[in-house]
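Below: the structure, in structure tokens.
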Amino acid sequence: MPRDHIFERFEKYVRPFRVSSGKGFRLKDFDPKDTCGLQLAKSEAAELLQRGTEWLAEEQNLLYAQDRWSLLLIFQGMDAAGKDSTIKHVMSGINPQGVQVFSFKQPSTEELSHDFLWRHSNRLPERGRIGIFNRSYYEEVLVVRVHPHILDQQRLPPSRVTRRIWAERLSDIDHFEEYLCRQGTIILKFFLNLSRGEQKKRFLERLDKPQKNWKFSVADARERGYWSAYMHAYEEAIRATASKNAPWFIVPADNKWFTRLVVAAAIVEAVEELHLEYPRVSREKKQELRAIRAALAGER
């Protein structure tokens, strides 16, 4: 299949999950089990994903060579939503030199001594590179909102911790992303939309298979008890920060093969819209290269 047609038939499966405006957004309108009627055997899904990653690798080479734009991919989702595996499979063919992956855990003492965006702004991708945030500054309006006692660790002046703190932080994030877009950073945000029933199934699998026990922690089970609070926090965050320049993708996550295809197609589509080209070589440079080639060819 020609490259131009690899994702042509699949791009229509990306659009239903793109949220470019938060107005009227409701998380319940998106089905975690949805595949838009697409039925593929495991081998077919793997083949299509392989073609997509090859295409993405070519686009990444252009991005790196042009050295003008940068791409920031943000992955959010509940535990066991498949963030790690999605990143692994979708980015499998990318040149490691052009990609930076950061997983944000609990902030350090130094990080807590700065504003909530500080540690993330220090990890933004350089021009020509792809940056991947496995969890991100959105945790500050998700986990911190669900567990507001965490704010105490951030040592904010009491007068700054008001009822509007979550709306204020969401506004800060929205303006931060707008600023990055104006500087040439393409932002794509993926919420891996996992159902509570599928999370239970994956948790049980981690418990029942010794080789997966390391993936499970008591905290995972504890956070599951706050499911409704997290869904409310996600809905508010997406509603406040979805924009044309920094869209959210509410990716169905109950079927991993479909999750990976949607993410890959969304990235390819966004980079394709940049119409990247390799830098043009000047006439003087071409003459210089011909001279070098002639000298090399004449060596004994």
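Determine whether Ala253 is surrounded by 19 or more Cβ atoms within 10 Å (Cβ to Cβ), out of contact with any Phe, Trp or Tyr (no Cβ under 8 Å at 6 or more places or on another chain) and in contact (Cβ under 8 Å) with a residue 40 or more places away in the chain. When the stated conditions are applied, Ala253 passes them.
Name the residues in segment 70-108 that are in a helix (DSSP H, G or I) and more than 15 Å from Glu139 (Cα to Cα), would you?
Going through segment 70-108, the residues in a helix (DSSP H, G or I) turn out to be 83-90, 96-98.
Those that are in a helix (DSSP H, G or I) and more than 15 Å from Glu139 (Cα to Cα): Asp84, Ser85, Thr86, Ile87, Lys88, His89, Val90, Pro96, Gln97, Gly98.
Whether any residue in segment 288-299 is farther than 19 Å from Leu62 by Cβ, of a type outside the set (S, T, N, Q) and not in a helix (DSSP H, G or I) is what I want to check.
Start the filter on segment 288-299 by keeping residues that are farther than 19 Å from Leu62 by Cβ, which leaves 288-299.
Okay, now just the ones that are also of a type outside the set (S, T, N, Q), so 288-299.
So of that shortlist, the ones also not in a helix (DSSP H, G or I) come out as 298-299.
Checked segment 288-299: at least one residue is farther than 19 Å from Leu62 by Cβ, of a type outside the set (S, T, N, Q) and not in a helix (DSSP H, G or I).
Taking the options Arg169, Arg206, Arg202, name whichever one is farther than 21 Å from Arg18 by Cα, touching a residue at least 60 places away in the same chain (Cβ under 8 Å) and in contact with a helix residue (DSSP H, G or I) (Cβ under 8 Å, 6 or more places away or on another chain). Full working, then the answer.
On the way: Arg169 fails: touching a residue at least 60 places away in the same chain (Cβ under 8 Å); Arg202 fails: in contact with a helix residue (DSSP H, G or I) (Cβ under 8 Å, 6 or more places away or on another chain).
Step by step, each of Arg169, Arg206, Arg202 is checked, and only Arg206 is farther than 21 Å from Arg18 by Cα, touching a residue at least 60 places away in the same chain (Cβ under 8 Å) and in contact with a helix residue (DSSP H, G or I) (Cβ under 8 Å, 6 or more places away or on another chain).
On the stretch given as segment 45-66, residues that are in contact with an Asp or Glu (Cβ under 9 Å, 6 or more places away or on another chain) and not aromatic (Phe, Trp, Tyr) total 4.
Restricting attention to segment 109-148, report how many residues are assigned to a helix (DSSP H, G or I) and at pLDDT below 95. Lay out the reasoning, then the answer.
Start the filter on segment 109-148 by keeping residues that are assigned to a helix (DSSP H, G or I), which leaves 109-112, 118-121, 137-141, 143-146, 148.
Still in the running and at pLDDT below 95: 109-112, 148.
Of the residues in that region, 5 qualify.
Restricting attention to segment 181-196 and to residues that are out of contact with any Leu (no Cβ under 9 Å at 6 or more places or on another chain) and among the basic types (Lys, Arg), the residue that is surrounded by the most Cβ atoms within 10 Å (Cβ to Cβ) turns out to be Arg196.
Considering each of Gln66, Gln60, Gln50, Gln97 in turn, give the residue that is buried (at least 18 other Cβ atoms within 10 Å of the Cβ), under 30 Å from Pro279 (Cβ atoms) and more than 14 Å from the chain's Cα centre (by Cα).
Numbers: Gln66 fails: buried (at least 18 other Cβ atoms within 10 Å of the Cβ); Gln50 fails: buried (at least 18 other Cβ atoms within 10 Å of the Cβ); Gln97 fails: buried (at least 18 other Cβ atoms within 10 Å of the Cβ).
After applying the criteria, what remains is Gln60.
Scanning segment 119-155 for residues that are touching a Pro at 6+ places or on another chain (Cβ under 9 Å) and under 15 Å from Ile173 (Cα atoms) gives a single hit, Arg119.
The values are calculated or read from the model by the stated rules, or taken from the named source; none is laboratory data. These numbers come from a predicted model, not from an experiment. For neighbour counting, all protein chains shown are included, and Cβ atoms are generated from backbone atoms with ideal geometry for every residue, glycine included.
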